[in-house]
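Chemist: Pasting a structure below so you can have a look.
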Amino acid sequence: MKHTGLYLILMLGVFSAHGQDLLVNGGLEEENICTEYKINCAPEGWISNTAGFSNYFKDAGRAWDGTHCMAIEAGHSSKPFQRTFVRTQFLCALKKGHQYRLEFYIKSPFRILDSIGVCFGSTDPLLDKSPVYKFKPTAYLCDNKSNVFPPDSNWQQAVIIYTAHGGETFLTVSNYSKRDITGPTGLKMESHFLVYIDNFSMYPLDPRERICSNWKQTKADIYEQNERHDMLQKWIRIHNGEPETVVLQSTTTARTDTIILSDLLFETAKANLQPEGTKLLDSVLRYLSRKQMDSVVVEGHTDDRGTFLYNQQLSVDRANTTGTYLVEHGSLNPFSVITRGFGATHPVRENSTPDGRRLNRRVEVFLYIRE
């Protein structure tokens, strides 16, 4: 008997989970061993333009999360326009017209967070001879009205939504205000106006956008830059302070195809596939063999009959059965297949009718295909 509960739908953009983070070591926990002093004086992948040791902290009480954080010098009591910045390189270049969400945490004992901004660019700011206050920021944190900074020294979340011009490869964070911050800090034995930063992440908002294929090599190259302090200044002098455009592979866009398996393709109240279910998945694998796959997400769902725990476990088991079949009978990388169950929490129809309950009992398979 042919089951009519089987159907195939092609749709775009239905899956809202993030792709891979475009920043390395966003938590600042991995320590760089500098070539000069052979000590862990900086985080991997993040470089400050200062030659000192004072901007990287290993202190769980000071950090937002974990044990490490960094500081930006936003001003100095007696040195006009003395500022530092922190910069990092993306794993992939940004795509023109695409939007990205940058998120991090920030705090300061001084009411100066509205002066902090970010800059996205394709040239390394370390090689720019201009003083920091002459840099032109892409955005100030205060430009986003959702970034509200109470007048205290607690950690605050900062979010910036950025539309790329295309080809950006560097992120810089600093005090970009044209107004100098100087005079007494009000803190004993402290002449620096410090701003602490931690826990960075940056994701494309388009769920179809995926990380570039050579990101692992780019990460290795970023981690190999171990110069800090005087060695970093020597590296800058060798490059004559003339920024060069850094070209990286751009992120890629994946098309999303969706396959929905009716519960009729499983044994009643069980996670075992019926013969018709395996035939469908075999046809899916033949289709995928001709495509450049990025990832597969399998989600299980039930109706609201039965207990919460029963429905949750059944949805997880059916998702796992489907994902395991795709891995064991195809050429998919096991790490590219994600399975999860939602029980009865994501219905597509009302559960008050038999037809509605039948449609709610399903397994959805999202296929992300590189374009």
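The values are calculated or read from the model by the stated rules, or taken from the named source; none is laboratory data. Bear in mind the structure is a predicted one, so any value in this text is a computation, not a measurement. Heads up, the Cβs are rebuilt from the backbone with ideal geometry, glycines too, and the neighbour counts pull from every protein chain shown.
Chemist: Taking Thr185 as meeting all but one of (1) over 20 Å from Pro204 (Cβ atoms); (2) assigned to a strand (DSSP E or B), write down the number of the exception.
Modeler: The number of the failed condition is (2).
Chemist: Give the residue that is farthest from Arg111 (Cα to Cα), with candidates limited to residues of region 195-213 that are among the hydrophobic types (A, V, I, L, M, F, W, C) and at pLDDT below 95. It would help to see each step written out before you state the result.
Modeler: Applying the first criterion (among the hydrophobic types (A, V, I, L, M, F, W, C)) to region 195-213 yields 195, 197, 200, 202, 205, 211-212.
Then drop every residue that is not at pLDDT below 95, which leaves 205, 211-212.
Numbers: Leu205: 31, Ile211: 37, Cys212: 39 Å.
Going through the qualifying residues, I end up with Cys212.
Chemist: Keeping to region 324-349, report how many residues are in contact with a Leu (Cβ under 9 Å, 6 or more places away or on another chain) and either of a type in the set (Val, Ile, Thr) or more than 12 Å from Leu285 (Cβ to Cβ) (or both).
Modeler: 6
Chemist: Let me ask you something else. Kindly check whether there is at least one residue in region 201-212 that is over 16 Å from the mean Cα position of the chain (by Cα) and surrounded by 20 or more Cβ atoms within 10 Å (Cβ to Cβ).
Modeler: no
Chemist: Which of the residues spanning region 166-220 are among the basic types (Lys, Arg), in contact (Cβ under 8 Å) with a residue 60 or more places away in the chain and closer than 21 Å to Asp21 by Cα? Walk me through it before giving the result.
Modeler: Going residue by residue through region 166-220, those that are among the basic types (Lys, Arg) are 178-179, 188, 208, 210, 216, 219.
So of that shortlist, the ones also in contact (Cβ under 8 Å) with a residue 60 or more places away in the chain come out as 179, 208, 210, 219.
Within region 166-220, Arg208, Arg210, Lys219 qualify.
Chemist: Within region 76-109, how many residues are assigned to a loop (DSSP other than H, G, I, E, B) and of a type outside the set (A, V, I, L, M, F, W, C)? Can you show your working first?
Modeler: As a first pass, look at region 76-109 and keep what is assigned to a loop (DSSP other than H, G, I, E, B): 77-84, 90-92, 94-98, 108-109.
After this cut, where a residue has to be of a type outside the set (A, V, I, L, M, F, W, C) as well, the list is 77-80, 82-84, 95-98, 108-109.
Looking only at that region, the number is 13.
Chemist: What number of residues within region 126-174 are under 22 Å from Pro109 (Cβ atoms), surrounded by 14 or more Cβ atoms within 10 Å (Cβ to Cβ), more than 26 Å from the chain's Cα centre (by Cα) and not hydroxyl-bearing (Ser, Thr, Tyr)?
Modeler: Residues that pass the stated criteria total 1.
Chemist: Take region 223-265 and flag every residue that is charged (D, E, K, R), modelled with pLDDT of 90 or more and in the same structural domain as Arg358 (by TED's automatic domain parsing).
Modeler: Asp263
Chemist: Among the residues of region 34-86, write down those that are more than 26 Å from Pro131 (Cα to Cα), touching a strand residue (DSSP E or B) at 6+ places or on another chain (Cβ under 6 Å) and either of a type in the set (Asp, Glu) or loosely packed, with under 14 Cβ neighbours inside 10 Å (or both).
Modeler: Residue satisfying the conditions is Asp65 alone.
Chemist: Here is a follow-up. Those residues that are in contact (Cβ under 8 Å) with a residue 40 or more places away in the chain and either within 30 Å of Val348 (Cβ to Cβ) or outside any loop (DSSP other than H, G, I, E, B) (or both), I need them from region 236-256; list them, please.
Modeler: Within region 236-256, Ile236, Thr245, Ser250, Thr252, Thr253, Ala254, Arg255, Thr256 qualify.
Chemist: Conditions: (1) assigned to a loop (DSSP other than H, G, I, E, B); (2) of a type in the set (A, V, I, L, M, F, W, C); (3) under 22 Å from the mean Cα position of the chain (by Cα). Phe120 meets all but one. Number of the miss?
Modeler: Every listed condition holds for Phe120 apart from (1).
Chemist: If I ask for residues that are polar (S, T, N, Q), outside any strand (DSSP E or B), modelled with pLDDT of 95 or more and under 29 Å from Lys79 (Cα atoms), which ones from region 123-176 would you list? Walk me through it before giving the result.
Modeler: Looking only at region 123-176, we keep the residues that are polar (S, T, N, Q), and these are 123, 130, 138, 144, 146-147, 153-154, 156-157, 163, 169, 172, 174-175.
With outside any strand (DSSP E or B) added as a condition, the list becomes 130, 138, 144, 146-147, 153-154, 169.
Those left that are additionally modelled with pLDDT of 95 or more: 138, 169.
Passing the criteria: only Thr138.
Chemist: OK, next. Of the residues Ser295, Ser262, only one is among the hydroxyl-bearing types (Ser, Thr, Tyr), under 19 Å from Asn360 (Cβ atoms) and surrounded by 17 or more Cβ atoms within 10 Å (Cβ to Cβ); which?
Modeler: Just one listed residue meets the conditions, Ser262.
Chemist: Run down Gly45, Gly61, Gly66 and say which single residue is in the same structural domain as Ile116 (by TED's automatic domain parsing) and out of contact with any Asp or Glu (no Cβ under 9 Å at 6 or more places or on another chain). Before the answer, list the steps.
Modeler: Details: Gly45 fails: out of contact with any Asp or Glu (no Cβ under 9 Å at 6 or more places or on another chain); Gly66 fails: out of contact with any Asp or Glu (no Cβ under 9 Å at 6 or more places or on another chain).
The conditions single out Gly61.
Chemist: Among the residues of region 38-75 satisfying the criterion of being of a type in the set (Lys, Arg) and in a loop (DSSP other than H, G, I, E, B), which is farthest from the chain's Cα centre (by Cα)?
Modeler: If we take residues in region 38-75 being of a type in the set (Lys, Arg) and in a loop (DSSP other than H, G, I, E, B), then Lys38 is farthest from the chain's Cα centre (by Cα).
This table checks each residue for (1) under 24 Å from Asp294 (Cβ atoms); (2) in a strand (DSSP E or B); (3) aliphatic (A, V, I, L, M).
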site	(1), (2), (3)
Met231	no, no, yes
Lys234	no, no, no
Thr258	yes, yes, no
Thr268	no, no, no
Ala271	no, no, yes
Glu276	no, no, no
